[in-house]
Structures are given as structure tokens and as C-alpha cells.
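The values are calculated or read from the model by the stated rules, or taken from the named source; none is laboratory data. Nothing here was measured: the structure is a model prediction, and the numbers come from that model. Every residue, glycine among them, receives a Cβ derived from its backbone with ideal geometry; neighbour counts consider all protein chains shown. Calculation scope for accessible area: heavy atoms of the full protein, side chains included, ligands and nucleic acids excluded. Shrake-Rupley method; radii C 1.70, N 1.55, O 1.52, S 1.80 Å.
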Amino acid sequence: MSDALGQKDSYTQAHARRVAAYAERLAQRMGLPNDQVRQIALGGMLHDVGKLALSDRIFSSKQTALSEDLLDEVHSHPLIGAALLRNISCDNAIVEVVLYHHERLDGSGYPFGLGADEIPFNALLVSVADCFDAITTDRPYQRRKSRAHAFSIMNQMAGPALPRDMVALMIEEVRTHGMESNMSAPPPLPRAANG
Ligand SMILES: [Fe+2]
């Protein structure tokens, strides 16, 4: 699924790999059991899998602000991803990460606007990794921030949007072991010669 997403948008696939790695590192730093670390890593890898169903206009857009229609479509990707994974009987702990990774503690997230105690722990952890990678990598509409600037943005999100303890440990982890490489996109899948 992740490779299929890479055929549509190589940034999203490389992002998924980095988010999986950051989320796994954060889960290990938090001392979570191995089974849970694995669920979190897989949830990180698959968190944006619902973007498979988004129109190509979204991936090619270089606009900072998408039209309302396209924004609604983007906001549906957690629901689409969760439905895709439920169809193949994926572990519910992984489905929850995909479904809730854009929820925020203050209720400002999507697709449900859940409150702090309604968002599953694993989804919050992957959100921390997701935000950090989004801030520190180039996107078509946004240049990456320096590590110090990224830490300051993450510290502003700690409390209202993301759990303070997870953000503090994410920053500590990156200070200790560094950032994931931005060059982690795998080679393209083989294509048939005659289409
Ligand atoms: Fe997402």
C-alpha cells in the first residue's frame, strides 16, 4: 500500500517511512512494550494511506491554500485510510492511528474534532512524529524549517495540540540520535514495457 502511494506521490511515501521511523524511536524512548512499538511503527507507515484515493490535483497543487472542495477531500483521508485497512481486517490498533492522526488535544483536529481524552495514545504519538517531519522537510508549498525552528514550533504545539511529554521526548530523541534522512524514497516499481 505504501509503495502504491509512492507511485502517486513520492513525497508522501518518503514521509511515511520517516514518520514510521520517528514514531518507532519515540515509542521506544517512552519504554513501550515491543508489540505496541510495532503497531505504532506500522501505523506511522500507513497513516496517510487514505491519500491513495485523493485526486491528483491535490498532489500537483503548489498553492498554500487549497480550495474548500479540495480541502474537504484532503480532510477525508483518515476516514478513507481507516476504511481501506478495515476491509483487509487490519489490527484495530493500527486502524485507530490512521483514523485519528489529525485529531488535536484542543478539539481543533479532524475528521471528528475529538477532545483530549478521546484520542487514542498511539494516534497522538504518531501525530507528534508526523508534525515534526512535516515541519522539517520541503513540500511543494513550504520550505523546511531548521531544526531549532522546528523545536520551537513543536514546543508551541505542546499543550494545546500535542501532549507535552511526547513532544519533549521527541525533541530529546532528535537531539540525541539525529534526524531521519530526507533521501529515503525507495526506487520506483518496475513498469511493463507496453503499458
Ligand atoms: Fe495525514
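Data table
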{"quantity": "Accessible surface of Tyr100 - all protein chains present, 1.4 Å probe, nearest 10 Å²", "calculated": "50 Å²"}
{"quantity": "Counted charge near Glu172, where neighbours are those whose Cβ lies closer than 12 Å (Asp, Glu -1; Lys, Arg +1)", "calculated": "+1"}
{"quantity": "Taking the convex hull of Cα positions in the chain, its mean projected area over all directions (nm²)", "calculated": "11.7 nm²"}
{"quantity": "Inter-probe distance in nm under a simple model that places probes 7 Å from Cα toward Cβ, at Ala192 and Arg147", "calculated": "4.7 nm"}
{"quantity": "Segment Ala83-Ala53, length gained on full extension (0.36 nm per residue, minus Cα span)", "calculated": "9.7 nm"}
{"quantity": "Relative contact order of region 25-184, defined on C-alpha pairs under 8 angstrom at six or more residues apart (%)", "calculated": "22 percent"}
{"quantity": "Accessible area per residue in Å² at 1.4 Å probe, computed on the chain", "calculated": "50 Å²"}
{"quantity": "Carbon plus sulfur fraction of accessible area for region 78-195, probe 1.4 Å, in percent", "calculated": "54 percent"}
{"quantity": "Listed residues Thr12, Ser181, Phe151: farthest to the positive end of the dipole of the chain (Cβ charges)", "calculated": "Ser181"}
